[in-house]
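Okay, structure first, notes after.
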Amino acid sequence: MAVQTVAGSTASSTPAVDLGPAAALSCRECGERFELGPLFACASCFGPLEVAYDLPTGSPEELRKRIEAGPDNIWRYAPLLPVPADVAEKPNINPGFTKLVKADNLARELGVTGGLYVKDDSGNPTHSFKDRVVAIAVEAARAFGFTTLSCSSTGNLAGAVGAAAARAGLRSCVFIPHDLEQGKVVMAAVYGGELVGIEGNYDDVNRFCSELIGDPLGEGWGFVNVNLRPYYGEGSKTLAYEICEQLGWRLPDQIVIPIASGSQLTKIDKGLQELIKLGLVEDKPYKIFGAQAEGCSPVSAAFKAGHDVVRPQKPNTIAKSLAIGNPADGPYVLDIARRTGGAVEDVTDEQVVDAIKLLARTEGIFGETAGGVTLGVTKKLIEAGVIDPTLTTVVVNTGDGLKTLDAVSATSQATATIKPSLEAFRAAGLGTA
Ligand SMILES: *Cc1c(COP(=O)(O)O)cnc(C)c1O
Ligand SMILES: [Zn+2]
């Protein structure tokens, strides 16, 4: 098959490992290219590295057919991902192809007339979008001969790594802030790997992991979001692919995405751009909106202040999965929001809880706090006239409310507790609503 080099201008050297269409790593800042390997920073300018591809050049119809004939998970997009062609046959947790729910009840409540959709990633194997990124990182770990899978996590990633490692037959040792929700801790521990609570916040955990990578103790370890980060990030492109395919190979007009490190938002944009380049969707403008919690809103603060750089914050919010005070991809998120005509906004913890309940009440979807952040910001931006209610809008729900029960447990309890008799039921004035 003829190939075309999409990122970078230098001809790619023959890669030493088989990661399918992945041709090289390229620096986001200076464009320098490197052989595929467990690298994450440019040797020349320290810029972050990303995967560059030899993408297929056949007709869009052919590629579309090939994708549609693929499995009902992210591997249907294997021709666009850094994975070997036979990836679907290996032991993997096979995430993806989650529901795109047409949220008509919610649309009515918010006054959206152009079509409102919830991309519900709580349906993944460990109930968050993190299964997508980890599945790709596992393939890179295998290719580079790593025997231990690791990560610094705000909660969901630890569970996803634990599960994927168990399935792939790799050891795992994952690191989390010590004060996470019980649901996240149990979910990370149950798969049998080592789970280490670090006394500090996520940014402390991340710093610790960077030190561990440089130490002999960390030899043979693939940290999915550190030394495997360029591959890991590519998993989020599948959200863009799925949303467009599920809309009938069409770009949405507006898409609202939560921000922790900013990787997901950045790579969804990369995925949309690839679909346009490949002719799989018609090229038209789309806007990308980023969502943060007020208690950890470094990117939103920079957006509103008109800054290009992100000033780190100390997180204090119930949206712990998004509590990264020093987001690695913050500046790229700002670029994308500004380039597409979108915005970055934040909501209070109270608005997060309200939004969790709004989604549950209108659509029967119980999202985690990150989902509350995203829907809360969507509502706020509609009310502010920033999100256009007459256009097609997709809200990404990235996790499952069962992992963050504390956020709503105070206000979500039994309506009444009664004796098992009709008399008691009637006396309590129930069942007539
Ligand atoms: C990790 C996470 C995100 C966002 O992560 P990025 O670091 O911005 O890619 C969003 N929602 C949930 C539930 C998460 O766990
Ligand atoms: Zn560089």
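The values are calculated or read from the model by the stated rules, or taken from the named source; none is laboratory data. In this text the structure is predicted, and so the values were computed from the model without any measurement. Ideal geometry is used to build each Cβ from the backbone, glycine not excepted, and the neighbour counts take in all protein chains shown.
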Which numbered condition in (1) crowded, with 24+ Cβ neighbours inside 10 Å; (2) closer than 21 Å to F34 by Cα; (3) not basic (K, R) is the only one that L265 fails? (2)
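Return a yes/no flag: does the range 187-198 have any residue that is assigned to a helix (DSSP H, G or I) and either touching a residue at least 40 places away in the same chain (Cβ under 8 Å) or more than 24 Å from L405 (Cα to Cα) (or both). Even if it seems obvious, please write down each step before you answer.
In the first step, residues of the range 187-198 are kept if they are assigned to a helix (DSSP H, G or I); the result is 187-189.
Those left that are additionally either touching a residue at least 40 places away in the same chain (Cβ under 8 Å) or more than 24 Å from L405 (Cα to Cα) (or both): 187.
The answer is yes; a qualifying residue exists.
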Exactly one condition in (1) without any contact (Cβ under 8 Å) to a residue 60 or more places away in the chain; (2) of a type in the set (G, A, S); (3) outside the structural domain of Q246 (by TED's automatic domain parsing) is not met by A107; state its number. (3)
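Considering only residues that are within 25 Å of S263 (Cα to Cα) and more than 16 Å from ligand 1 (Cβ to nearest atom), look in the range 389-400 and name the one that is surrounded by the most Cβ atoms within 10 Å (Cβ to Cβ).
Restricting attention to the range 389-400, the residues satisfying the condition of being within 25 Å of S263 (Cα to Cα) are 392-400.
Subset that is more than 16 Å from ligand 1 (Cβ to nearest atom): 392-393.
Numbers: T392: 18, T393: 27.
Among those residues, the one meeting the criterion is T393.
Report yes if L422 is more than 17 Å from the chain's Cα centre (by Cα) and at negative phi, otherwise no.
Details: more than 17 Å from the chain's Cα centre (by Cα): yes; at negative phi: yes.
When the stated conditions are applied, L422 passes them.
Quick one: would you say A370 is in the same structural domain as F289 (by TED's automatic domain parsing) and at negative phi? Please lay out each step first, then the result.
Values: in the same structural domain as F289 (by TED's automatic domain parsing): yes; at negative phi: yes.
For A370, the condition - in the same structural domain as F289 (by TED's automatic domain parsing) and at negative phi - is met.
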Of those in the range 247-267 that are part of a helix (DSSP H, G or I) and in contact (Cβ under 8 Å) with a residue 40 or more places away in the chain, the residue farthest from ligand 1 (Cβ to nearest atom) is T266
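Looking at the range 185-208, is at least one residue out of contact with any Pro (no Cβ under 8 Å at 6 or more places or on another chain), among the basic types (K, R), farther than 25 Å from Q313 by Cβ and surrounded by fewer than 24 Cβ atoms within 10 Å (Cβ to Cβ)?
Quick first cut of the range 185-208, residues out of contact with any Pro (no Cβ under 8 Å at 6 or more places or on another chain) only: 185-196, 199, 206-208.
Restricting the remaining residues to those that are among the basic types (K, R) gives 207.
Applying the additional criterion that residues be farther than 25 Å from Q313 by Cβ yields none.
No, that holds for no residue.
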Can you name every residue in the range 30-48 that is more than 16 Å from ligand 1 (Cβ to nearest atom) and surrounded by 14 or more Cβ atoms within 10 Å (Cβ to Cβ)? G31, E32, R33, F34, E35, L36, G37, P38, L39, A41, C42, G47
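Within the group L100, L63, L55, which residue is modelled with pLDDT of 95 or more, out of contact with any Gly (no Cβ under 7 Å at 6 or more places or on another chain), surrounded by fewer than 22 Cβ atoms within 10 Å (Cβ to Cβ) and closer than 30 Å to G31 by Cα? Step through it out loud before you land on a result.
Numbers: L100 fails: closer than 30 Å to G31 by Cα; L55 fails: modelled with pLDDT of 95 or more.
The match here is L63.
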Mind listing whichever residues of the range 328-353 are out of contact with any strand residue (DSSP E or B) (no Cβ under 9 Å at 6 or more places or on another chain) and buried (at least 24 other Cβ atoms within 10 Å of the Cβ)? G330
Please work out which one of (1) of a type outside the set (A, V, I, L, M); (2) in contact with a Pro (Cβ under 9 Å, 6 or more places away or on another chain); (3) surrounded by fewer than 17 Cβ atoms within 10 Å (Cβ to Cβ); (4) in a loop (DSSP other than H, G, I, E, B) is the condition P82 fails and give its number. (3)
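From the list E181, E194, E199, E139, which one is outside the structural domain of G37 (by TED's automatic domain parsing) and touching a strand residue (DSSP E or B) at 6+ places or on another chain (Cβ under 6 Å)?
Details: E181 fails: touching a strand residue (DSSP E or B) at 6+ places or on another chain (Cβ under 6 Å); E199 fails: touching a strand residue (DSSP E or B) at 6+ places or on another chain (Cβ under 6 Å); E139 fails: touching a strand residue (DSSP E or B) at 6+ places or on another chain (Cβ under 6 Å).
Every option except E194 fails the conditions.
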Checklist (1) assigned to a helix (DSSP H, G or I); (2) in contact (Cβ under 8 Å) with a residue 40 or more places away in the chain; (3) more than 25 Å from A407 (Cβ to Cβ) applied to S321, failing item: (3)
